[in-house]
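Every read-out reported here was derived from the displayed coordinates using simple, explicitly stated rules and does not represent laboratory data. These numbers come from a predicted model, not from an experiment. Using ideal geometry, Cβ is built from the backbone for each residue, glycine included, and neighbour counts are taken over all protein chains shown.
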Amino acid sequence: MLTNNFSVTFVTLFFFTLSVEFIISSKAGLKESFVVMLIILSIYYYVKGVKFNNKKSIIAASIFGGLTAITTDHVIFLFPTFILSYVFFNYKQVNFRTLTFPGLKYAILPILVMFLFYASWTGVKAYQYSTNEYYPAGLVGTPVSTEGFGLMELLNPRYFGDYESSLFGGFSFDIKAYSYALGYMFNIVPFTIPRGLNFTTMDHLLLPKHIVYMIVIYLPFAFITLFSLFTMLKNLIKTKNIYNNVNLYMIGVFLIFMFPLTQHRASLRYFYTAFIFLYYFISYGLFILFSQRKKLKLYGKLITVITIGILLLIPYWYYQNNNFILFNKEFIYAQATGDFINSNLGRDDAIMIQPGYIYKLQYLTDRRTVGLTPLSDSLLPLIEYYNIDYVVFGKYFTWTNYFYSKDSVEYIMSHPDEFELIATIKEDYDALNVRLEMGAKMRASDELYIYRVIKSESKLNEQLVFVV
């Protein structure tokens with residue numbers, strides 16, 4: 001619709017299809033794939049609506065924009081994107097000097113709908129925060145204190161004071177983190193670079209083939225991206241034209257959706273939408289290179305080769321990733337722990353569970369659960385507030401990786417008068433022949449600990465028995 005170039009669009013979709021992050025997202029129990037779909041549909045119909053003065057598309061953009069607003073806070077990036085789309089592609093050029101904005105009464109409709117839905121959802125959060133002493137707005141639903149919440153807490157729960165400390169909110173200017181994230185955006189199958197690769201993990205994750213992939217495949221992709229951006233900016237300087245400038249628009253939208261990268265400890269999934277525009281830059285750069293060498297026929301043949309290659313990869317992919325529900329065994333981490341809880345704990349017992357294990361044990365046990373707070377100062381008040389009977393945490397998420405709620409874990413282990421260890425459960429994943437995910441090293445085993453909360457009544461009974 002924008003480029004009128006099938007070749008560039010096809011290669012962009014090719015990279016999207018082979019993206020490691022999107023493949024993982026399609027299989028994970030996360031909303032990111034759905035969110036990306038809503039965002040892209042919102043942008044597509046909005047651009048179509050303003051470009052062709054199509055009112056049905058404006059209505060569609062309003063619907064998808066509204067759905068995005070009640071699904072994710074990332075809807076805030078659609079506001080500047082829609083404004084950019086209106087300025088760049090409106091069916092009649094906007095004139096800021098004379099304040100002429102053709103078709104504005106229709107173009108503003110999706111923006112108003114998104115604002116209404118997002119404001120409503122934000123209002124619901126404000127009501128919940130103001131009427132509850134604690135609210136499960138922390139990491140994977142861990143309760144946080146809502147005292148003194150403000151605008152930043154409404155927009156991003158990471159700004160709560162007792163959020164997981166390693167994931168606190170705020171801007172980051174860590175160039176190393178930027179480089180890490182940008183590098184992994186290029187990651188495609190079958191030339192997969194292991195996730196979580198850094199100077200600490202490279203000894204056991206980095207193989208010679210990965211170095212070859214970086215030099216032979218990903219380094220050229222990076223140079224092609226830079227070449228593409230250079231060409232786009234060069235054309236802008238030459239033409240000095242913004243209206244209907246597709247490439248400049250793509251750069252603008254890419255930067256908008258890359259904004260989460262500026263936040264402390266930003267996950268790749270926070271800017272999945274930006275991946276698509278990066279793939280456009282690579283595709284456009286390849287097209288320009290072939291055009292300059294008058295090899296567009298070869299570029300067309302390359303598309304044919306890519307198509308055949310994808311078709312050949314399909315059976316191989318299904319063989320290596322047997323996820324068809326009728327042929328795939330159900331596997332959930334912490335299965336042994338779930339079995340122990342079901343066999344030994346009461347149905348009405350409340351359990352405080354360390355982030356990383358919450359969803360698994362919720363699914364396996366169907367008990368009333370809350371997340372284990374990262375702050376030991378909040379531990380006992382939360383146990384009393386939610387009437388917690390047991391606490392569960394594990395070796396992997398405490399000492400091996402992530403280090404979630406470590407302060408609370410250490411408090412529990414060092415206070416035997418308040419917490420009693422009732423079970424140490426070994427989880428053996430090697431025996432289940434669990435596949436590796438995209439080259440990432442998964443834990444082969446884990447150890448979980450279940451502590452019983454020694455409540456004041458129990459202590460009093462023990463003292464009475466001793467006296468008698």
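For segment 172-219, just the Cα set please: Rg and Dmax, both in angstrom.
When restricted to the Cα atoms of segment 172-219, Rg and Dmax are 11.1, 32 Å.
Arrange the following residues from fewest to most other Cβ atoms within 10 Å of their Cβ: Val189, Val370. Write out the running numbers ahead of the final one.
On the way: Val189 16, Val370 21.
Placing the least packed residue first, the sequence is Val189, Val370.
If amide H atoms are built 1.01 Å from N in the plane of the peptide, which residues on other chains or at least 5 residues away come under 5 Å of the amide H of Ile353?
For Ile353, whose amide H was placed from the backbone, the distant partners under 5 Å are Val370, Gly371, Leu372, Val392.
List the lysines whose Cα sits under 23 Å from the Cα of Lys455, skipping any in the same chain fewer than 8 residues away.
Straight-distance partners of Lys455: Lys406.
Would you work out which of Gln93, Thr12, Phe77 lies farthest towards the positive end of the dipole of segment 1-143, given +1 charges on the beta-carbon of Lys and Arg and -1 on that of Asp and Glu, about the Cα centre?
Farthest towards the positive end: Gln93.
What number do you get for segment 1-72 when its Cα radius of gyration is normalised by 2.2 N^0.38 Å, N = residues? If you can, show how the numbers build up before the last one.
Details: Rg = 14.2 Å, N = 72, 2.2 N^0.38 = 11.2 Å.
My calculation over the Cα atoms of segment 1-72 gives 1.27.
In percent, what relative contact order does segment 1-85 have, based on Cα pairs under 8 Å that are 6 or more apart in sequence?
Numbers: 58 pairs, mean separation 20.0, N = 85.
24 percent.
Strictly over 32 Å apart at the Cα level, which of Lys176/Lys426; Lys31/Lys297; Lys48/Lys238 would you flag in this model?
Checking Cα-Cα distances, Lys176/Lys426; Lys31/Lys297 exceed 32 Å.
Stokes-Einstein D for segment 155-197 at 10 °C, 1.306 mPa s, Kirkwood Rh over Cα pairs, in µm²/s? The partial results should precede the final answer.
Details: Rh = 12.8 Å.
Stokes-Einstein gives a translational diffusion coefficient of 124 µm²/s.
Under a Cβ-only charge scheme (Lys and Arg +1, Asp and Glu -1), can you give me the dipole magnitude of the chain about the Cα centre, in debye to the nearest 20? It would help to have the intermediate numbers written out before the result.
Working: 38 positive and 31 negative charges, 773 e Å.
For this selection, approximately 3720 debye.
Can you give the calculated 222 nm mean residue ellipticity of the chain, where each DSSP H run of n ≥ 4 adds -39,500 (n - 2.57) and the sum is split over every residue, rounded to the nearest 500 deg cm²/dmol?
Values: 20 runs with 249 residues, N = 468.
Using -39500 (n - 2.57) per qualifying helix, the result is -16500 deg cm²/dmol.
Which whole-number percentage describes the relative contact order of the chain, with Cα contacts under 8 Å and a sequence gap of 6 or more?
15 percent
Could you check the spin-label model distance between Thr262 and Met1? Points 7 Å from the Cα along Cα→Cβ, value in nm.
Taking the two extended label points, one gets 2.8 nm.
Where in segment 13-103 are there chymotrypsin sites (Phe, Trp or Tyr not before Pro) that are in a DSSP coil and have at most 16 other Cβ atoms within 10 angstrom of their Cβ?
Numbers: sites: Phe14, Phe15, Phe16, Phe22, Phe34, Tyr44, Tyr45, Tyr46, Phe52, Phe64, Phe77, Phe82, Tyr86, Phe88, Phe89, Tyr91, Phe96; in loops: Phe52, Tyr91, Phe96.
Sites meeting the loop and neighbour criteria: Phe52, Tyr91, Phe96.
Using the Cα centre of the chain as origin and beta-carbon charges of +1 (Lys, Arg) and -1 (Asp, Glu), tell me which of Leu167, Thr400, Ile224 is placed farthest towards the positive end of the dipole.
So the residue we want is Ile224.
Quick one: grab Rg to one decimal and Dmax as a whole number for the chain, Cα atoms only, in Å.
Here Rg and the maximum Cα pair distance are 26.3, 98 Å.
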